[in-house]
Structure formats: C-alpha cells, structure tokens
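Q: The following block contains the structure, expressed as structure tokens.
All of the numbers you see were taken from the coordinates with simple rules; none came from a lab. This one's a predicted model, so the numbers in the text were calculated from it and none came from an experiment. Using ideal geometry, Cβ is built from the backbone for each residue, glycine included, and neighbour counts are taken over all protein chains shown.
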C-alpha cells in the first residue's frame, strides 16, 4: 500500500479504510452531513422496529385494561384479575402481577411487569425494578389511556426518532474525541499526517459503518430474521468494529513530508557519494 502520492478523494462513504481516511482529510461539514444521514437511517430502523414489535403489544394491553385504575402515591390501584397477561408477543409481553409471584412465566424477549409498588423489566440480560413515583397520579385504565395513545403514538414515535438522531450525534462526537489520541499515536509511529482535527474526524467516521450495520440488524430482528442472541452478538461486533478503522485507518493518511532544507529522509545513507 503506497500512499505517498495518494490524494484524498471526495469523501462520500464510510465503509472502506480509504473512505474513512478521506473523511479525516475532508471538511468537517461534509462529515456532519454524512453522519446526520447515517443517524437518520438508524432512527428510521428504530422507529420501524417500534411499530413492528412494540406498538401492537402496547395498544393491545391498553385495550385490555379495566375502566378504573390509577398509580397513586406510589401504589397501583388495580381491581382486575391478578396475575393477568395484558399482551404477549415474541418481542414484548406486558403483565400485571401485584405480588411478583411469577406464575405467568417469562416468554417474550422483554417482559414488562406492573407490581403493587414498582414497575419491573425482565429479559435475557436480567431484571430491574423501578419504583412508582409517589408525587404523581398516573392513569392506568382503558377509558383514559386508549384515546390518548391513539392520538399521541405518532408523536411518541417521532420523539423516539429525534432522540436517536440527537443521541447518536453527541455520542459519536464524544467517542471521536476519545479515539483521537490512539489515532494520533498510530499516525505518529506510522509517519502519517494527522493533527487533532484530522484524528477526531477519522474517529467519528470510523463509527458510521458499525451504525449502519446495527440499523440493518435492528430491522432484521424486527422482521424476525434474527433472534435475541443473534441481536446481542451483532451489538458486540458493532462495538468492536470501529477499532478496526481506528487502527488501520491512519495507514491510509498521507505520509509526513520532509521539512524544507532538511536533508534527513531526502538521501540514502547507504549510497556511495
């Protein structure tokens, strides 16, 4: 690989080492536009998964709620059957189990349980309990929640998409700064041109291909082409993949040039005068 005379092409794709290096040498605004496009793609996959996997279960569970019910003073006021499964699917299961008896079992990838004093999440990764907020009064009945969900679920999906876009841009910026130091060290020992901004841009660009991979994996999971174990394995790969670009990407940057007037590096010391 000879990059002494290699010129940085117009950056447009972050999938190859040369493409990532081109972003590192290109303008930051172009990197921002491509990162924004990738973030929107990931957000679209997340919103699609929401409508494929979670929204039907949420709508079904709301429809099965009783006409009366509230979460008040940190306690669930429930007059229906107990325990009862409100919705069940491959991805999401919603149950009411006031005594945390576990009689209904655990089948979906994610199970949401409403207990007497806390909300519980169960999955393959474990269990977490969240106490109900004591100062609030939260409706937990079909009469109030069904029309609200029908009117507001598009706004929920839009807010989810915007949160994903904003969150990814912030995280990529921070991780790019964290990757800048190893990129500069590798560039120094490989005799490549890389200042702080070049290293930061390369660090950000190295994250985009793994984000595109994760967007495809989320869609495949939503269409049930992948199971939860495969999803978690792909998520682990998506964390490791950027380091391939961090380590190998600097080798595609231009070589350091000799300073004007310097004779070091301009002549062969083993050559006979």
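Q: Do me a favour and compute the ellipsoid semi-axes for the range 66-140 from its Cα gyration tensor, root of five times each eigenvalue, largest one first, whole Å.
A: Taking √(5λ) for each Cα gyration eigenvalue gives 21, 14, 10 Å.
Q: Once each part is reduced to its C-alpha centroid, what is the distance from the range 42-78 to the range 99-142 in angstrom?
A: Cα centroid to Cα centroid, the span is 12 Å.
Q: Moving on to the next point. Just rank 51, 245, fewest to most, by other beta-carbon atoms within 10 angstrom.
A: On the way: 51 12, 245 28.
So the ranking, lowest neighbour count to highest, is 51, 245.
Q: Another question, then. Roughly how tilted is helix 28-49, in degrees to the nearest 10 and between 0 and 90, from the longest Cα axis of the chain?
A: 30
Q: Let me ask you something else. State the label only: which of (i) 18.3; (ii) 19.4; (iii) 22.3 corresponds to Kirkwood radius over Cα pairs in Å computed from the shown model?
A: (iii)
Q: For the Cα atoms of the chain, what angle does the longest principal axis make with the long axis of helix 228-248, in degrees from 0 to 90, nearest 10?
A: For helix 228-248, the angle is close to 20 degrees.
Q: Calculate, in nm to one decimal, what residue 227 and residue 100 gain on full extension: separation in residues at 0.36 nm each, minus their alpha carbon distance. Intermediate values should be presented prior to the final figure.
A: Numbers: separation 127, 0.36 × 127 = 45.72 nm, distance 2.71 nm.
Gain on stretching residue 227 to residue 100: 43.0 nm.
Q: Same structure, new question: Using a ≥ b ≥ c from the Cα gyration tensor of the range 1-155 (square roots of the eigenvalues), is it rounded, prolate or oblate, where a/c under 1.5 gives rounded and otherwise the larger of a/b and b/c decides, a/b for prolate?
A: prolate
Q: Test of understanding: extend the Cα→C-beta vector of residue 118 to 7 Å, then name every residue of the range 132-174 with backbone N under 16 Å from that spot.
A: Correct set: 132-134.
Q: Expressed as an acute angle from 0 to 90° and rounded to the nearest 10, what is the orientation of the C-alpha long axis of helix 208-222 relative to the principal long axis of the chain?
A: Between the helix axis and the principal axis of the chain, the angle is about 30 degrees.
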